[in-house]
1. Would you list which lysines come within 16 Å of Lys27, measuring only between C-alpha atoms, while excluding same-chain residues fewer than 8 positions from it?
2. Once phi is turned into ³J(HN,Hα) by the Karplus curve 6.51 cos²θ - 1.76 cosθ + 1.60 with θ = phi - 60°, what whole-Hz value does each residue of region 55-68 show in order, with x for glycine and proline?
3. Within straight cross-link reach of Lys170, meaning Cα distance under 23 Å, which lysines are found once same-chain residues fewer than 8 apart are removed?
4. Taking amide hydrogens as modeled 1.01 Å from N in the peptide plane, which residues meet the under 5 Å criterion relative to Phe115, leaving out close sequence neighbours?
5. Hey, if we sort Thr103, Thr260, Thr276 by accessible area with the 1.4 Å probe, largest down, what's the order?
6. Can you work out the Karplus-derived ³J(HN,Hα) for every residue in region 11-28? Use 6.51 cos²θ - 1.76 cosθ + 1.60 with θ = phi - 60°, whole Hz, and x for glycine or proline.
7. By its C-alpha gyration tensor, with a ≥ b ≥ c as the square roots of the eigenvalues, how is region 81-124 shaped: rounded for a/c under 1.5, else prolate for a/b larger than b/c, else oblate?
8. Enter the angle in degrees (range 0 to 90, nearest 10) between the Cα long axis of helix 118-134 and the first principal axis of the Cα atoms of the chain, meaning the one along which they spread out most.
Amino acid sequence: MRFNKRPITIKDQIQLLESRGLNFTDKLFAEHFLAHVSYYRLVGYWWPLQSDKINHTFKPNSQFSTVVDLYNFDRELRLIVFNMIERIEIGIRTQLIYNLSTTYGAWWFESGTYFNNKYYWSQHLQSIQKEISRSKEVFILEHKKKYTTDSRCPPAWKSLEVISLGLLSKLYGNLKNQIPEKKRIAKDLGVGNHTFLTSWLQSISVVRNICAHHSRLWNRNLSTPPKVLKKAPKPFINTTGLNQHSFYAVLCNMQYLLQTISPNNRFRQRIEDLLTDYPNIDIKAMGFSSNWKNEPLWMN
């Protein structure tokens, strides 16, 4: 079967949605909104409002204003979450650079000696080299200009500053388990077992990419669920009934790490304020428990 649908005007988009049961109280506003936020960017927000997902018909009394509220809520949520992830990413990067470099030297990441899977290490090193080659950071450009006869990458404290959180998490996860620094980083962050930290960083990286591409967090099942830490040395949540694939599961892990990386942060208050601004948002669609504010993690 070949796709043969033709593009349609904004007025026709509104007419199509109306014919399927979505109500518009202000069509001029709707035209303006759809002129700046495309039809298919909104699909994930009106999807739960549909009673028939095949014919795309809406439940009775479904409102376009509800779709707009969901979209705006999600946009503001991503800004808060991206700020949280920035602090985690910088904190993990610093820990990895400092602990490994002071023990194994400035170019530990170029040696397969410290990694479990040599194939993955080789692929990761190629990715690091690629990031360095296209980096416009002053400290990278100046290093290349000054050390013209040195064929190595810049030292870890320069090279690892220009790689992604996803690649950082892969480097950490592939470190040999016998390396004390791998366990120390996890322990210092209150995670204990490094396998949990590896899993958490991978999940946080997925959320980071969702935020970076302005995609939807609300009502989304994440493809890379984090491992559940049932016995945490620091205040955490009751994990009974927790949906591992939910955004809330990753959010809790982020806040847990921030207890060490950024103590006295205001993210709990910012999230609570956002939910107050949008009282009709279904927080269960993100995996939140109804009692989330009273969990030890969020009361801390």
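1. Lys11
2. Each residue's phi maps through the Karplus curve to give 8, 6, 8, 8, 5, x, 6, 6, 10, 4, 4, 5, 4, 4 Hz.
3. Once the sequence-local lysines are set aside, what remains near Lys170 is Lys118, Lys130, Lys158, Lys182, Lys183, Lys187, Lys227.
4. Answer set, sorted by chain and number: Lys176.
5. If we order Thr103, Thr260, Thr276 from most to least accessible, we get Thr276, Thr103, Thr260.
6. Running phi through 6.51 cos²θ - 1.76 cosθ + 1.60 with θ = phi - 60° gives 4, 5, 4, 5, 4, 5, 5, 4, 5, 9, x, 8, 9, 10, 8, 9, 6, 5 Hz.
7. Judged from the Cα gyration tensor, region 81-124 comes out oblate (a/c at least 1.5, b/c at or above a/b).
8. 80
The values are calculated or read from the model by the stated rules, or taken from the named source; none is laboratory data. On a predicted model such as this, the values are computed, not experimentally measured, just so you know. Note: accessible area is taken over every heavy atom of the protein model, side chains too, but ligands, DNA and RNA are not part of it. Shrake-Rupley method; radii C 1.70, N 1.55, O 1.52, S 1.80 Å.
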